[in-house]
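Okay, so here's the structure we're looking at.
The values are calculated or read from the model by the stated rules, or taken from the named source; none is laboratory data. Since this is a predicted model, take the numbers as computed values, not measurements. Heads up, the Cβs are rebuilt from the backbone with ideal geometry, glycines too, and the neighbour counts pull from every protein chain shown. Please note that ligands, DNA and RNA were not included when accessible areas were found on the heavy atoms of the full protein model with its side chains. Shrake-Rupley method; radii C 1.70, N 1.55, O 1.52, S 1.80 Å.
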Amino acid sequence: MPFPPGGPADALARIVGDKLGQALGQPFVIENKPGAGGNIGMEQGAKAAADGYTLTLAPTGNLTIAPSLYAKLPYDPAKDYAPITVLATVPNILIVHPSVPARSVAELIALAKAKPGTLNYASPGNGSGPHLAGELLKSMAGIDLVHVPFNGVGPAMTGVLAGDVQMSFAQSSAALPHVKSGKVIALGVASRKRIAAAPELPTIAEAGLPGFDVTSWYALVAPAGTPATVVDRLHAEIVKVLGSADVREKIAALGAEPVGNTPVEFTAMQRAEAARWAKLAREANIHAD
């Protein structure tokens, strides 16, 4: 688990790991290995024994975005893992601290244009989905924002709540409780469609940036070289876990939607998103190191 405890990724790992352990008769231990935007844990997962006993919960950013941001990664997303399945997608919400004088996406863009380089946005780390959402907003709106990477979802949210940073693209599960309490203001949803948990929130595409779409997802991967029979068994059991009513209910409570696609579908999804983000990174000259 390449992020600290407390975020939606950690919760997802524990939900699936618990049920998967019951199904396989082998208890799963969640090892949190945060740091370097998830790259430390991803490297350890890549170097683990290829026997199916060590799996890595891999975020979108580390599999599809990081290769375009870092001059050198300690792992190769395309070669160092055996894909199993995407567990769930998690929508991102654009939030601002109440001190920011903007109550819509249009007002935020106008503010950023009037005061270039003065608004900071938090992310869970370099190469994360929220990081790229911020860069996509900068690119599509033609504004200057300053990226402030934190070491995980929880610390990034704490930074916004404290007003140390003015805004963030935060995963819905982390953001909505604070939106409801009034501690942060939600301006829009980063995905293609509105979310059931907050149907009143417009998408950013609806709010004036057509085509804007950044949805985080989390997958399970094994080290490259893991036998196909082991990957197939794990995939079959994980799909069963994701299909169970209690697991779907717990995942929904995180503001996420279960997926459970095949390794082939997962690989196609990864390649398509990697190409998309590589294009943005080139056009916007985005680097993380």
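A few remarks follow.
- ALA236 vs. criteria of a type outside the set (D, E, K, R), modelled with pLDDT under 95 and exposed (fewer than 15 other Cβ atoms within 10 Å of the Cβ): no
- Of all residues in segment 68-96 being more than 23 Å from GLY134 (Cβ to Cβ) and among the small types (Gly, Ala, Ser), the one that is nearest to the chain's Cα centre (by Cα): ALA78
- Of the set (1) open to solvent by less than 10 Å² (accessible area, probe 1.4 Å); (2) within 19 Å of ASP10 (Cβ to Cβ); (3) modelled with pLDDT under 95; (4) among the small types (Gly, Ala, Ser), all apply to SER173 but (1).
- Taken together, the criteria place ALA205 among residues that are crowded, with 19+ Cβ neighbours inside 10 Å, in contact with a Gly (Cβ under 7 Å, 6 or more places away or on another chain) and free of Cβ contacts under 8 Å to residues at least 60 places away in the same chain.
- Per-region count, segment 183-197, residues out of contact with any strand residue (DSSP E or B) (no Cβ under 7 Å at 6 or more places or on another chain) and open to solvent by less than 20 Å² (accessible area, probe 1.4 Å): 0
- Listed by first and then second residue, the pairs with beta-carbon distance under 8 Å, at least 6 apart or on different chains, first residue in segment 2-25 and at positive phi, second open to solvent by less than 50 Å² (accessible area, probe 1.4 Å) and at pLDDT below 95, are GLY6/GLY152; GLY6/VAL153; GLY6/GLY154.
- Here PHE266 passes the criteria (1) over 30 Å from VAL105 (Cβ atoms); (2) aromatic (Phe, Trp, Tyr); (3) not in a helix (DSSP H, G or I) except the one numbered (3).
- Lone unmet requirement of (1) touching a strand residue (DSSP E or B) at 6+ places or on another chain (Cβ under 9 Å); (2) over 21 Å from ALA205 (Cβ atoms) for LEU94: (2)
- If you go through segment 241-266 and keep only what is polar (S, T, N, Q) and either open to solvent by 40 Å² or more (accessible area, probe 1.4 Å) or touching a His at 6+ places or on another chain (Cβ under 9 Å) (or both), you end up with just THR262.
- Any pair with Cβ under 9 angstrom, 6 or more apart, that starts in segment 181-197 at a residue that is without any contact (Cβ under 8 Å) to a residue 60 or more places away in the chain and ends at one that is open to solvent by 20 Å² or more (accessible area, probe 1.4 Å) and assigned to a strand (DSSP E or B): ARG192/THR215
- Any hit, segment 121-133, residues being at pLDDT 95 or above and open to solvent by 20 Å² or more (accessible area, probe 1.4 Å): no
- Qualifying residue in segment 213-227 (condition: open to solvent by less than 10 Å² (accessible area, probe 1.4 Å), part of a helix (DSSP H, G or I) and either modelled with pLDDT under 95 or hydroxyl-bearing (Ser, Thr, Tyr) (or both)): no
- Residues being touching a residue at least 60 places away in the same chain (Cβ under 8 Å), in a helix (DSSP H, G or I), within 17 Å of PRO59 (Cβ to Cβ) and not small (Gly, Ala, Ser) - total across segment 137-176: 2
Yes/no per residue for (1) at pLDDT 95 or above; (2) out of contact with any Pro (no Cβ under 8 Å at 6 or more places or on another chain); (3) assigned to a helix (DSSP H, G or I):
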{"site": "PHE3", "(1), (2), (3)": "no, no, no"}
{"site": "GLY6", "(1), (2), (3)": "no, yes, no"}
{"site": "PRO27", "(1), (2), (3)": "no, yes, no"}
{"site": "GLU43", "(1), (2), (3)": "yes, no, yes"}
{"site": "LYS79", "(1), (2), (3)": "yes, yes, no"}
{"site": "VAL86", "(1), (2), (3)": "yes, yes, no"}
{"site": "SER99", "(1), (2), (3)": "yes, yes, no"}
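- Residue, modelled with the lowest pLDDT, within segment 277-289, restricted to residues that are open to solvent by 30 Å² or more (accessible area, probe 1.4 Å), in a helix (DSSP H, G or I) and touching a helix residue (DSSP H, G or I) at 6+ places or on another chain (Cβ under 8 Å): ALA284
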